[in-house]
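To start, the structure under review is shown below, and the notes come after it.
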Amino acid sequence: MSAVPMLTLEGLRKAYRGKPALRGLDLTVNDNEIFALLGPTGAGKSSTLLSAAGLIELDAGRVSLAGRDVTEADPASRDVAIVFEGFNLLPVLDVKDNIAFALRSPSFREDEKEVALRVGRTAELLRISHLMDRDVGTLSGGEKQRVAIARALVRRPVMFLLDEPLSALDLKLREGLRAELRQIHRQHQSTMLYATHDYHGAIAIADRIGIIDGGIIQQSGTIEEIYALPANVVVGKLIGSPSMAFFDAAIDDGHVVVKGAEQRLPIGEFGTVGTASGKVLLGVWPEDIEIGVADAAGASTGTIYAVDNRGFERAIQVDTPGGSFRKVVPLSMPFTQGDACSFRIPQGGGFLFDAASGRRISQMEARG
Ligand code: ADP
Ligand code: MG
C-alpha cells in the first residue's frame, strides 16, 4: 500500500469560545475507501468534516487532500462535497435545479447540455427522476436526502464528506439508502468519510472505522481489528451490540480476580500485561460470556436485572458485584427479571484495562 492517502488530518485542534472540540485529532482516509467516523453526539465528528472541507478555521493542525496540503486553501478549491443531516437544499429551487446548482457555479460553469446530461444520470442513479420538477419543500425526508446526495454526487468530487446523512430517516429508508451509497461507491470509485453515531450503520457501510470521542480518534482500523484489540475503555463502550462488559478486578498472585466473582483467571491468559496503577477493569465482549442457570460449578453468580424481548431472541441485563452487562441470549434460555444466573468468562476471553487511564494493558488478541 504505497498509494497516497486521500485525506490526512494531523494534529487538528479547534476550540469554540475557549471550549476544545478537537484536541489533536489525527486521521487518514485511504483512496477509494469508505471510512466511518463513529462517536457520540459532541465527539467532534462535524468539526472534523468541516475541517476537511475548509469550512471552519483551525487553531492548529494540517489537512492534506491527495497529498496536497490544503490547510490554507479555500473550500471551493478543495473539490470535496459535504452532505449534512439537514439536507442543505435550496428551498426556492426545484429538484433538478438543486442538483444542477454546483455545476452552474463559477468554478464549474458547465454548458447546459452537459448539466442536463449529468443531472439526469445522477437522478437515475438515486431513483429520483420522477421528482425533477417538484419544489424541494414538497418532498419527504427520504426524498430530500436523496436529492442532497445527488447534489453532491453530480460534481464528481474527489471525496465525499457525509455528516450523519441518514440519521433523520426511518430504519427502512436508512438501510435502503445505505445500500445505495455503497453501490455508488462501487461504481464511482469514490472516497467517503461518513460520520455517524450509529454503530450498526457504521459497520454496515465502512471499510474502516475511526472511533472518535472527546475530540480525538480513540482507535481506527477494520471492525475486526478493533474487536480483536480494543485500545481503551472508551472504544469498548462505543463498539459492539451490546457493548463491552466491564468488571472491577484486581491482579493478585498471578491471577485476575473479579470483584465478588468465583473465577480466578491466570494472568498468562491475557498475554503480556503492562503495569497498572492499581485497580484494573476486565473487559469482555458479551458474546464471549457464558451464561447459565444459577449455581453452575466454577461459575460466578449474577442477577437478571432486565429482560428485553426482541422477538426471536432476548437481551438481558445481568447485575454482578463487579459490574453489570448486557447480552443477547436465545429464547430457549428461560430467564425472567429477578432470576439468579451464573456467568463464566472463558479462557483468553478478556482484556485488561487500567482503571485510572482506561488504557488496555493486556496484549492478547481475542480469539474471535
Ligand atoms: P459531533 O458532530 O460529534 O456531535 P461537533 O463537532 O458538532 O460534534 O461538536 C464538538 C463540540 O464542539 C461539542 O461540544 C459542541 O457543542 C461544540 N461545538 C460545535 N460547534 C460549535 C459552535 N459553532 N459553537 C460552539 N460550540 C460548538
Ligand atoms: Mg455532528
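Every helix of 4 or more DSSP H residues in the chain counts as -39500 (n - 2.57), and over all residues that averages to -6500 deg cm²/dmol at 222 nm.
What is the calculated FRET efficiency for Leu55 to Asn30, with r their C-beta to C-beta distance and R₀ = 25 Å, to the nearest 0.05?
Approximately 0.65, to the nearest 0.05.
Starting from region 20-101, pick out the chymotrypsin sites (Phe, Trp or Tyr not before Pro) whose DSSP state is loop and whose Cβ has at most 12 other Cβ atoms within 10 Å. Intermediate values should be presented prior to the final figure.
On the way: sites: Phe35, Phe84, Phe87, Phe101; in loops: Phe84, Phe87.
Taking region 20-101 and a limit of 12 other Cβ atoms within 10 Å, no loop chymotrypsin sites (Phe, Trp or Tyr not before Pro) are found.
If R0 is taken as 35 Å, the Cβ-Cβ distance between Ser357 and Thr303 corresponds to a FRET efficiency of 0.70. In plain terms, if you count all Cα to Cα distances in region 95-193 and split them into 10 Å steps from zero, the share in each step is 15, 49, 32, 4 percent.
Counting only DSSP beta bridges with both residues in the chain, what percent are antiparallel, rounded to the nearest 5? Provide the component values of the computation, followed by the final result.
Details: 64 of 82 bridges.
Given both bridge residues lie in the chain, the antiparallel proportion sits at roughly 80 percent.
Here the extension length gained between Ala76 and Asp198 equals 40.9 nm, from 0.36 nm per residue of separation less the Cα-Cα distance.
Pairs of Lys residues in the chain, spaced 8 or more positions apart or belonging to different chains, with C-alpha separations under 23 angstrom: 12 in total.
Going by alpha carbons, how many degrees (0 to 90, nearest 10) lie between the helix axis of 112-125 and the longest principal axis of the chain? The angle comes out at about 30 degrees.
Residues of region 230-271 falling in the label zone of Gln347, defined by backbone nitrogen less than 11 Å from a point 7 Å along Cα to beta-carbon, are 266, 269.
In the Gaussian network model of the chain, springs joining C-alpha atoms below 10 Å, which of Asp248, Asp79, Asp308 carries the largest mean-square fluctuation? Greatest mean-square fluctuation among the candidates belongs to Asp308.
Between region 292-359 and region 23-39, the alpha-carbon centres lie 34 Å apart. If I take all pairs of Cα atoms in the chain, what percentage of them are more than 30 Å from each other? Result: 49 percent of Cα pairs exceed 30 Å.
Between Asp339 and Ser107, the distance separating the two model label sites (each 7 Å from Cα on the Cα→Cβ line) works out to 6.0 nm.
Our estimate of slack between Phe312 and Arg121, defined as 0.36 nm per intervening residue step minus the Cα-Cα distance, is 64.5 nm. So what's the angle, to the nearest 10 degrees on a 0 to 90 scale, between helix 171-188 and the longest Cα principal axis of the chain? That works out to roughly 60 degrees.
Based on Cα contacts under 8 Å between residues 6+ apart, the chain shows a relative contact order of 16 percent. Label separation (Leu90 vs Arg68): 2.5 nm, computed from points 7 Å beyond Cα along the C-beta direction.
Readers should treat all values here as calculations from the given coordinates under stated rules, not as data from a laboratory. Because the structure is predicted, anything quoted here is derived from the model rather than measured. Positions of Cβ are backbone-derived with ideal geometry, glycine not excepted, and every protein chain shown enters the neighbour counts.
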